[in-house]
Amino acid sequence: MGLLEIRNLTKVFNLSESAFGARPRGEVRAVDNVSLEIQQGETLGLVGESGSGKSTLGRLILRLIEPTSGGVQFAGKNLLSASGSELRRFRRDMQIIFQDPFGSLDPRYRMEDVIAEPLILHEPMSREARRQRVSELLRAVGLDDSALRRYPHEFSGGQRQRIGIARALALRPKFIVADEPVSALDVSVGAQIVNLLRNLQREFGLTYLFISHSMPLVRFLSTRIAVMYRGQIVEIGPTEKITSHPQHAYTSSLLEATPEIAAL
């Protein structure tokens, strides 16, 4: 049994003629009957073009949006039936790193408050203990205490993403959805973030779902790769097998469309 098990997960969005409640004119199956497992300690790379359903799947797993049908089990427990205090316990173990580091940080709050927010909600402790924990998290992602009193706009994109990672780590989660975490960054900064994620995985024993449209990045970071196309997983397997001997035409097209990246 994997840490995370997804069975026949489906999400259908209704389309309407306008944003004002007009009669639905159709539907989109953003995620279509997806089943997969993620083992503890591994990185499953989820790769596909924009609009393939990758980010929707990540949000369904965390119940940031509700599925139309299907099931999600985390550590042997039914996530979709959880509510109230039980759902709050799940939130401690499952976190997300968003694609846009600036959009995911409240511009009104200093970084100390941004990173401390999960601790305030889920882990009561003294102010001094909380500040010490925030300092430890900043150091873990390559920043120092000079960041504590600053606001999001005072940081570079790469620094903001490091802060987003620190916040995701605050509750010592077991599983993290990394939703295109480097797509808004330039190549060199993105490489630093990918290396950071890999180092943090070893240090904290993390399990990742790493979502990306870049096959080279997924190949570098992932234990296994799942290829998503039009809401469905069309191929899944060990990284070396998928990249060396793709079985699906769409996988082959992704490999051909992106050049190899140098060692990060």
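The values are calculated or read from the model by the stated rules, or taken from the named source; none is laboratory data. Model, not experiment: these values are computed from the prediction. All Cβ positions, even for glycine, are placed from backbone atoms using ideal geometry, and neighbour counts span all protein chains on display. In case anyone asks, the SASA skips ligands and DNA or RNA and just uses the protein heavy atoms, side chains included. Shrake-Rupley method; radii C 1.70, N 1.55, O 1.52, S 1.80 Å.
List of remarks:
- In segment 25-41, residue farthest from residue 174 (Cα to Cα) [restricted to those that are among the acidic types (Asp, Glu) and free of Cβ contacts under 8 Å to residues at least 60 places away in the same chain]: 27
- Qualifying positions in segment 1-39 - charged (D, E, K, R), modelled with pLDDT of 80 or more and exposed (fewer than 12 other Cβ atoms within 10 Å of the Cβ): 27
- Test: residue in segment 207-214 that is in contact (Cβ under 8 Å) with a residue 60 or more places away in the chain and open to solvent by 70 Å² or more (accessible area, probe 1.4 Å): yes
- Residue that is farthest from residue 162 (Cα to Cα), among those in segment 104-120 that are open to solvent by 60 Å² or more (accessible area, probe 1.4 Å) and out of contact with any Lys or Arg (no Cβ under 8 Å at 6 or more places or on another chain): 108
- Only a single criterion out of (1) modelled with pLDDT of 95 or more; (2) open to solvent by 30 Å² or more (accessible area, probe 1.4 Å) is not satisfied by residue 128, namely (1).
- Test: residue in segment 76-95 that is among the polar types (S, T, N, Q), touching a residue at least 40 places away in the same chain (Cβ under 8 Å), in a loop (DSSP other than H, G, I, E, B) and crowded, with 17+ Cβ neighbours inside 10 Å: no
- Residue, least open to solvent (accessible area, probe 1.4 Å), within segment 219-234, restricted to residues that are over 29 Å from residue 199 (Cβ atoms) and not hydroxyl-bearing (Ser, Thr, Tyr): 231
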